[in-house]
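Following: one structure in C-alpha cells, then a few remarks.
No lab work stands behind these numbers, since they all come straight from the coordinates. Source: prediction; values computed, not measured. Note: ideal-geometry Cβ built from the backbone for every residue, glycine included; neighbour counts use all protein chains shown.
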Amino acid sequence: MKPNMWITRTALAVALAMLWFSPAVVRAQDDDPPGRVARMNYVEGAVSFQPGGEGDWLTAVPNRPLTSGDNVWTDRGSRAELHVGSTALHLGPESSLTFLDLNDRALQLRLAQGSLVVRVRHLDDEDTFEVDTPNLAFTILRTGEYRIDVNPAGDTTVITDWQGQGEVTGGGYSFRVLAGQRARFTGTDDLRHDLESIAAYDAFENWAVERDRREDRLASASYISEEMTGYDDLDDYGQWNYVADYGNVWVPRGLPQGWAPYRYGHWVWVAPWGWTWVEDEPWGFAPFHYGRWANGPTGWFWVPGPVVVRPVYAPALVAFVGGVGFELAGGPAVAWFPLAPGEVFVPSYRVSRTYVEQVNITNTRVNVTQVTNVYNTFINNSNTRIAYRNQRLASAVTAVSREAFVNARPVAKSLVRVDERQLAEAPATHLPPAQPTRASVMGAGGQAKARPPAEVERRQVVASRAPATPRPVFGEQSPGERPNPRSEAPAQPMPEARNVPRPPDTNRDAAPEQPPPDRTRGTDRNPAPRPPDVNRGEQPAAPAADRTRGPDRNPAPRPPDTREEPNQQGWSHPLAKPAPPVKERSPQQSQQEEQKVREWQQHQAPPAHDNPPPRGGDRPQGSEPPHNQQ
C-alpha cells in the first residue's frame, strides 16, 4: 500500500471513530430508559426496600436493580452498600434513602434521616449529583468522599467533606463546603450553620473506608469499565482468562451441576425496562446486564465486550422462545436462552433505534450493520429466522410455567422439561409471552418487619432541581399496548466500533435545554425552572402514555399524598420541595461568614502521623486510614 493511501485511510478511520463517539451520534432520545442503574450489593442486618409507587415494604433482595422512585431503609444496627457504577453509597443504621432521580447524567438522592457516606470516583462536567435533606440540598461538585447525617427530627444536617467540594442550598442562601470541613446546618426556614474540624473516624466510617479500600484493589478494573455497575464483586468469585476469538473473559468458580446463565434467579417487572432478571449469586449483576455468555469445553464464561467508559445497562440479555401460545409439558410456558457474543439484543420495551445501537455496541463486539439487520427483522415482523447459537444448545435453554414467570418464583425450582425438537422448531422472539401482575413488581422479597417511621416516610426534603416524576401505583395507569420497540426507519449503517480505542466519556443523553453550570466556579444558584419530565421512563397517569407496564387487579394502597400547591419554580413532588431562591447576603452576613471560615482555618491542626489521611480516589498509594478510632 502506498504511504499516502495508508495515511488517507488512517485519517478516515480516526474521523469515523470520532464521529461515532461524538455526543450528537451517541445521544439517545428523551424518552429512552436510563443507561445506568443502582444495585444493592451488600446488606448487614435488617434492610428493607420499597419499589417506587408502591406502599408495601419488602426485605431487600441483593442484585435487584434500583432506579428513580425506589426507597431503602436500614433498621437499627443495620448497614447497606449500594453502587451506581463506580459511585459507592454506604448507608448507616436507621437511614431512609430514596432515589429521587437516576438517569445518565443525574443522581439525586433523598436522605430523610440517618447517615450516608458517599464516594464519588467519576464526575463529568455535565453530571449532577445532589443529596437532598429536610433542610437543604447538597450538590457535590468534585470527586471525593463525603458524609451526610440527618438527625431524627429532620431539622439538622451535618456534612463532612473529607476530600472534594460541594455546595449547600437552603433557607434562601448557599454555602460552599470545602475539603477538611465539617459543616452543621440547623433550622429550616432560617438555616444557620457552623464550621468544625473533622474528627477521627468512627465505627461506621471505618467500615465504609474498608469497603472502599477493597474496591481500590480490584483486578477487574483492568478488564472492564469501573462504571459497569456490579463489577466490584467479580474478583471474589471468579478469574479472568484469555480465550481465542473472545479476548479477556471472566470464568465464575463453584458453579453447580446443570448451571446455565439466567437459570438461578427470578424475573421481576421494573419500570421503565419491564421484565428484568435478578440473579441469585452474589456476583450476579454485571454478567447478566452487560456483555454476553459463551459455552466452551470447560463450561460457561462471560464475555464483557469492548471497554467503554459507561456501558449501557440492559434488564436481561436474552432471547425468548415461541411467543404467545407456546406450551411445554401441557401448559403455557416461557422459555429463554442467553445471547452469545456478537448477537444483537432487541429490547422488548419502547426505545429509539439509537438506544438499540448503544445497548449493543457497548456490550458486545458487533457493528451497526448487524444491529440494523436484526432490528429490522423483528420490527418488520419478517419471516427471516435468526440463528442463535445458544438456542441450539439444549442445556442453555431455560423454561418455566407462565405462572412461575410472572409471580417472581425461583426459576431453578420451577423448571419444566424442554423438548429439544420443539425448541428447534419454535421461532426466537424479543417479546416475552407474559403480562406482569403486581407480584411481578414486588418481586421475591417477603413482607418486611422493619420500615421507616411514618413521619420519616412522608418527610419532604429540599431540592435545588426537580426530581423525576413519581411512579404511579401499579395498575392505576392505562394498560396500553404490549411493550414494544419503536418502529423507525433504519438509519444508514455507521462505522464499526470494534477496534476503536477507549473513547472519552461523552454525553449519551439528549442535549439539555440550558447549558450546564460551570462546576469549576460553582453551580448555578438560581437554576431555570424545569417542568416535570414524563419522558424519563416513569409512568404518567395520562392514558396511552404507559407502554411498559401491564394491568393489575389488586393495586397496593397509594402512599400518603403530601404534594404541595404549584410553586414559583414550576414543579411539585410528594417527597421534595424546591429550595427557596438564593438571595444576596447583607454586609453583616458576609462578615459573619468570613469570620467562621477564619476561625475554622485557625483551628486546623497540622498533619500528624496518627491523624486520618484524606479519603478519596487521590489517596497516595500505600497510605491507609487508621482502624483504631471509634
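Just a few scattered comments:
- For segment 95-206, fraction of C-alpha pairs farther apart than 26 Å, in %: 11
- Per-q log10 I(q)/I(0), segment 19-145, q = 0.21 Å⁻¹ (Debye; single scatterer per alpha-carbon; no solvent): -1.29
- At 0.692 mPa s and 37 °C, Stokes diffusion of segment 160-277 via Kirkwood alpha-carbon radius, µm² per second: 169
- Relative contact order (%) - segment 75-132, alpha-carbon pairs under 8 angstrom, separation at least six: 32
- Amide H to amide H, with H built 1.01 Å from N, R389 comes under 5 Å of A340, counting only residues 5 or more places away or on other chains.
- Debye intensity ratio I(q)/I(0), log10, segment 315-404, q values 0.11, 0.15, 0.21 Å⁻¹ (C-alpha model): -0.34, -0.63, -1.12
- Whether segment 85-127 is rounded, prolate or oblate, judged on the alpha carbon gyration tensor where a/c under 1.5 counts as rounded: oblate
- Pairs of alpha carbons in segment 417-474 separated by more than 14 Å make up 80% of all such pairs.
- Diagonalising the gyration tensor over the Cα atoms of segment 266-330 and scaling each eigenvalue by 5 before taking the square root yields semi-axes of 24, 18, 12 Å, largest first.
- Taking the Cα centre of segment 65-149 as origin and assigning +1 to Lys and Arg Cβ atoms and -1 to Asp and Glu Cβ atoms, the resulting dipole is close to 320 debye.
- Highest average packing first - 165-173, 183-191, 119-127, 95-103, Cβ atoms within 10 Å: 95-103, 165-173, 119-127, 183-191
- Base-10 log of normalised Debye intensity for segment 364-472 (one unit scatterer per alpha-carbon) at q = 0.12, 0.16, 0.21, 0.23 Å⁻¹: -0.76, -0.99, -1.26, -1.33
- Ordering of 84-93, 571-580 by burial proxy (mean other Cβ atoms within 10 Å per residue, highest first): 84-93, 571-580
- About its Cα centre, segment 161-306 has a charge dipole of approximately 360 debye under the convention of +1 per Lys or Arg Cβ and -1 per Asp or Glu Cβ, with nothing else charged.
- Under-5 Å amide H pairs with V318, H placed in peptide plane, nonlocal only: L339
- Its Cα gyration tensor gives segment 81-154 an equivalent ellipsoid; the semi-axes, largest first and in whole Å, are 20, 13, 11.
- Extents of segment 212-266, largest first, come to 35, 30, 18 Å (Cα atoms, principal axes, whole angstrom).
- With a cut-off of 16 Å on the backbone N, the residues of segment 215-257 near the modelled label site 7 Å out from D280 along Cα-Cβ are 253-257.
- For H573, distant residues with modelled amide H under 5 Å away: E564
- If only the Cβ of Lys and Arg carry +1 and only the Cβ of Asp and Glu carry -1, the dipole of segment 70-226 around its Cα centre is close to 400 debye.
- Stretchable slack from N373 to A454, in nm (0.36 nm times residue separation minus alpha-carbon distance): 23.9 nm
- Distance from the Cα centroid of segment 231-251 to that of segment 92-164 is 33 Å (rounded to whole angstrom).
- Distance from segment 397-439 to segment 277-318 (C-alpha centre basis), Å: 20
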